[in-house]
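The values are calculated or read from the model by the stated rules, or taken from the named source; none is laboratory data. Note that the structure is predicted; figures quoted are calculated from it, not measured. Quick reminder, even Gly has a Cβ in these numbers, built from the backbone with ideal geometry, and neighbours come from all protein chains shown. The area values use the complete protein model at the heavy-atom level, side chains included, leaving out ligands, DNA and RNA. Shrake-Rupley method; radii C 1.70, N 1.55, O 1.52, S 1.80 Å.
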Amino acid sequence: MHTLAEVQANLHFLNVGPTQTPGLIVMKLDANGGDYGRFHHVVVVFNASNAEVSFQNSALTGLHLHIHPVQQHSSDPIVGKSSFNSASGTLVVPALSTAVFVSEQP
């Protein structure tokens with residue numbers, strides 16, 4: 001994205017409100033039909049807690065997310081334990097980890 005306005009229009013924080021999980025930041029960046037490169041969706045999860053976190057959100061249901069290729073081939077064995085369940089829209093991220101999930105443009 002080339003402008004602040006484009007980022008603001010396409011970036012959403014999902015772990016918000018009174019029921020949010022402490023120590024967890026979940027942000028979702030969508031292409032929304034724009035030509036921003038190879039990925040249609042990018043979801044970044046920062047888990048600052050000392051425990052694995054499972055996070056479910058309906059905005060993720062049905063997406064075809066997977067760990068970013070750089071993290072898939074990383075020598076870090078912990079982040080590789082991150083996972084996504086498309087049917088329930090649930091992300092699982094190990095303690096003290098940052099995971100990047102992506103889906104390619106259709």
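Do we find that F46 is open to solvent by 50 Å² or more (accessible area, probe 1.4 Å), without any contact (Cβ under 8 Å) to a residue 60 or more places away in the chain and assigned to a strand (DSSP E or B) in this structure? The answer is yes for F46.
Taking N47 as meeting all but one of (1) over 14 Å from F101 (Cα atoms); (2) modelled with pLDDT of 90 or more, write down the number of the exception. Unmet condition: (1). Is one or more of the residues making up region 14-33 open to solvent by less than 40 Å² (accessible area, probe 1.4 Å), assigned to a strand (DSSP E or B), in contact with an Asp or Glu (Cβ under 6 Å, 6 or more places away or on another chain) and at pLDDT below 95? No: region 14-33 contains no residue that is open to solvent by less than 40 Å² (accessible area, probe 1.4 Å), assigned to a strand (DSSP E or B), in contact with an Asp or Glu (Cβ under 6 Å, 6 or more places away or on another chain) and at pLDDT below 95. Look at (1) within 12 Å of the chain's Cα centre (by Cα); (2) of a type in the set (D, E); (3) more than 20 Å from H12 (Cβ to Cβ) and you find that D30 fails only one, number (3).
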